[in-house]
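Every number in this text was worked out from the coordinates using simple rules, so none of it is lab data. No experiment lies behind these values; they were computed from the predicted model shown. All Cβ positions, glycine included, derive from the backbone under ideal geometry; neighbour counts span all protein chains shown.
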Amino acid sequence: MTSLGLFPLLCSIIVLQVCFSSQLEDNKIPPSLCTGHPGIPGSPGNHGNPGQPGRDGRDGRDAAPGEKGEKGDRGYPGETGVRGLTGDKGYQGEKGERGQPGECAVAPKSAFSAKLSQSHTLPLNVGDAVVFDTILFNEQGDYNSETGRFTCKVPGVYYFAVHATVYRASLQFDLMKNGHAVASYFQFYGNWPKPASLSGGSLLHLIPSDQVWVQMALSEYNGFYCSTKTDSTFTGFLVYSDWKNSAVFA
């Protein structure tokens with residue numbers, strides 16, 4: 001069938017469609033004539049099943065930094081930790097340079113020893129100093145062989161000793177310190193054919209300018225004696241010093 005034969009058929013179909021559509025419009029009932037009563041509410045529906053978890057949202061944008069917060073309270077001190085193990089010994093360091101030589105401290109000294117000479121005339125009056133006129137040792141010059149007195153220069157403790165040969169008379173003498181007797185000695189003569197001896201000593205604490213000497217106690221007991229084979233001596237020396245300004249105590 002050709003296109004020319006179909007044309008009348010198409011025209012008939014269009015005419016029929018127009019006629020039916022107009023009839024329907026004429027049979028339509030207005031909504032105002034068909035109003036009914038509201039229906040009864042329906043029963044509630046059943047709960048639906050839980051939905052599936054949603055997807056993670058996108059990361060938010062970085063906001064501007066907030067203001068600095070206030071400083072918090074100080075926490076309590078923690079417990080003391082366990083002592084660590086001792087580390088390995090380190091290497092020996094290099095030897096340092098040699099230091100400058102130091103000053104040598106010199107201990108204070110004071111000592112003397114003197115004896116009576118055969119030509120010396122002994123004192124006969126009470127209170128006179130016995131002058132041991134022959135110097136045996138007096139390196140510091142603290143003993144005066146003209147007055148028989150020792151003068152202290154270095155403060156400290158001294159030991160003084162007197163050895164007397166006694167012959168043809170009794171002997172009594174005192175060890176003096178600044179005019180006061182600190183020790184007294186006596187030897188009685190018993191008509192012995194040979195000389196006897198009398199010895200004594202004492203420790204004394206002295207300060208500078210103190211003086212020590214041997215003094216006759218009684219004029220009739222003056223039996224000091226000396227010869228080529230026997231002597232009478234006076235000796236003194238520093239035991240230890242308490243001089244704080246000395247180099248040995250610096």
> Long-range amide H contacts for VAL126: which residues qualify at under 5 Å (H placed 1.01 Å from N, peptide plane, sequence gap of 5 or more or a different chain)?
Replying inline: SER219
> So what J values fall out for region 79-92 if you push phi through Karplus, 6.51 cos²θ - 1.76 cosθ + 1.60 with θ = phi - 60°, rounded to Hz, Gly and Pro as x?
Replying inline: 5, 5, x, 5, 4, x, 6, 5, x, 5, 5, x, 6, 5
> With each label point set 7 Å from Cα along the Cα-Cβ vector, what nm distance links THR80 and HIS37?
Replying inline: 9.6
>> Can you compute 3J(HN,Hα) from phi for each residue in region 58-74, using the Karplus curve 6.51 cos²θ - 1.76 cosθ + 1.60 with θ = phi - 60°, rounded to whole Hz and x for Gly and Pro?
In response: 5, 4, x, 6, 5, 8, 5, x, x, 5, 5, x, 6, 5, x, 5, 5
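Quick one: net charge around LEU116, please, counting Lys, Arg +1 and Asp, Glu -1 for every other residue with C-beta under 13 Å from its C-beta.
Numbers: positive: LYS115; negative: ASP133, ASP231.
Taking every other residue near LEU116 into account, the sum is -1.
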> Hey, what do the phi angles of region 162-173 turn into as Karplus ³J(HN,Hα) couplings, whole Hz, using 6.51/-1.76/1.60 and θ = phi - 60°, x for Gly and Pro?
Replying inline: 10, 10, 10, 8, 10, 8, 6, 6, 6, 9, 9, 9
> What residues have an amide H closer than 5 Å to that of ALA183, excluding those fewer than 5 places away on the same chain, when H is modeled at 1.01 Å from N in the peptide plane?
Replying inline: LEU175
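How big is the C-alpha Rg of region 107-241 next to the rule-of-thumb value 2.2 N^0.38 Å, as a ratio? Walk me through the numbers before you get to the answer.
On the way: Rg = 14.4 Å, N = 135, 2.2 N^0.38 = 14.2 Å.
Relative to the 2.2 N^0.38 Å estimate, region 107-241 comes out at 1.02.
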>> Tell me the net charge near VAL126. Cut-off is 11 Å between Cβ atoms, VAL126 excluded, with +1 for each Lys or Arg and -1 for each Asp or Glu.
In response: -3
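If R₀ is 25 angstrom, what is the calculated FRET efficiency for the pair ARG149 and LYS194, using the beta carbon separation as r and rounding to 0.05? Working shown, then result.
Details: r = 32 Å, r/R0 = 1.28.
Calculated value: 0.20.
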